[in-house]
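First up is the structure itself, then whatever we jot down about it.
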Amino acid sequence: MQQITLSFPATRHLSGKALAGVVGSGDMEVLFTANSSHVLSVAITTSVDNSSPRWQALFERISSFGSLPAGQMTIHDFGATPGVARIRIEQVFEEVADA
């Protein structure tokens, strides 16, 4: 298992917590807790070695379509495709935004 830590500037402030996916589902689980910082901190545990550039590119792509919220995100990845990863990440952002 590889541990990856990423950090991105955040320009949205939300409140609450959200969970998308299930760790035992065979793809991935994303947990997000909003906070009042100006950073989105991401901690990833993945079964895919050398995937740091893929995760960096995914978050840069997500941020290019809109602002990232401030908070702490924890991802447990078990080989999810980039499409599934993006859906799970956007699900937690949407859930917290609608809370």
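The values are calculated or read from the model by the stated rules, or taken from the named source; none is laboratory data. Computed from a predicted model, the values in this text were never measured in an experiment. Cβ placement follows ideal geometry from the backbone for every residue including glycine, while neighbour counts extend to all protein chains displayed. Surface accessibility is based on the protein's heavy atoms, side chains included, excluding ligands, DNA and RNA. Shrake-Rupley method; radii C 1.70, N 1.55, O 1.52, S 1.80 Å.
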Candidate set from region 21-54 (those that are of a type in the set (A, V, I, L, M, F, W, C), part of a strand (DSSP E or B) and under 10 Å from Ile75 (Cα atoms)); member that is most open to solvent (accessible area, probe 1.4 Å): Leu31
Would you be able to tell me the number of residues in region 1-20 that are of a type in the set (Phe, Trp, Tyr) and assigned to a loop (DSSP other than H, G, I, E, B)? 0
Hey, any hits in region 57-67 for a residue that's assigned to a strand (DSSP E or B), under 21 Å from His13 (Cβ atoms) and open to solvent by less than 10 Å² (accessible area, probe 1.4 Å)? no
Count of region 70-96 residues which are open to solvent by 50 Å² or more (accessible area, probe 1.4 Å) and at pLDDT below 90: 3
